[in-house]
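The structure appears below as structure tokens.
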Amino acid sequence: MLESELFGHAEGAFTGATKAKKGYLEEAQEGTLFLDEVGEMPIDLKAKLLRVLEPGEFYRVGESRARRVNVRVTRLFASPACASLEREHPRAEECRRALCHPERPGRAGSRHAAL
């Protein structure tokens, strides 16, 4: 479950979630998170990641309270995958701009966590 690994989850969010867990985003607070092949992510996950890049907020799986994070997100992408990003999501163009162009590195930091 990529969403849980990236954003973390609340206790009881799904079967087997016996305690709350920080995701890679929280672990990389004030640092850098490297994401490989962002173009291959499902569109709904890209939209959630966009929320991290723009206002710096995210939700753990199973939580309704937004959490704030200051993390630089660097990403490796495959141009064909980004070019084929479908318009099935209302923010598809924003996702394409934010996630598929390397000149926008995200927020600032100094540590590194890898996904």
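Which numbered condition in (1) surrounded by fewer than 19 Cβ atoms within 10 Å (Cβ to Cβ); (2) farther than 13 Å from residue 3 by Cβ is the only one that residue 51 fails? In the conditions (1) surrounded by fewer than 19 Cβ atoms within 10 Å (Cβ to Cβ); (2) farther than 13 Å from residue 3 by Cβ, residue 51 misses (2) alone. The condition of being of a type in the set (A, V, I, L, M, F, W, C) and surrounded by 15 or more Cβ atoms within 10 Å (Cβ to Cβ) holds for only one of 66, 13, that being 13.
Considering every residue within the stretch 61-74, establish whether at least one is at pLDDT 55 or above and more than 30 Å from residue 11 (Cβ to Cβ). Spell out the reasoning first.
Initial filter on the stretch 61-74 (at pLDDT 55 or above): 61-74.
Still in the list and also more than 30 Å from residue 11 (Cβ to Cβ): 74.
Yes: one or more hits.
Could you list, in sequence order, all residues of the stretch 1-57 that are within 13 Å of residue 69 (Cα to Cα), touching a helix residue (DSSP H, G or I) at 6+ places or on another chain (Cβ under 8 Å) and in a loop (DSSP other than H, G, I, E, B)? The answer is 23, 54.
The values are calculated or read from the model by the stated rules, or taken from the named source; none is laboratory data. In this text, all values refer to a predicted model and were calculated from it rather than measured experimentally. Counting neighbours? That spans all protein chains shown, and the Cβs are built from the backbone with ideal geometry, glycine included.
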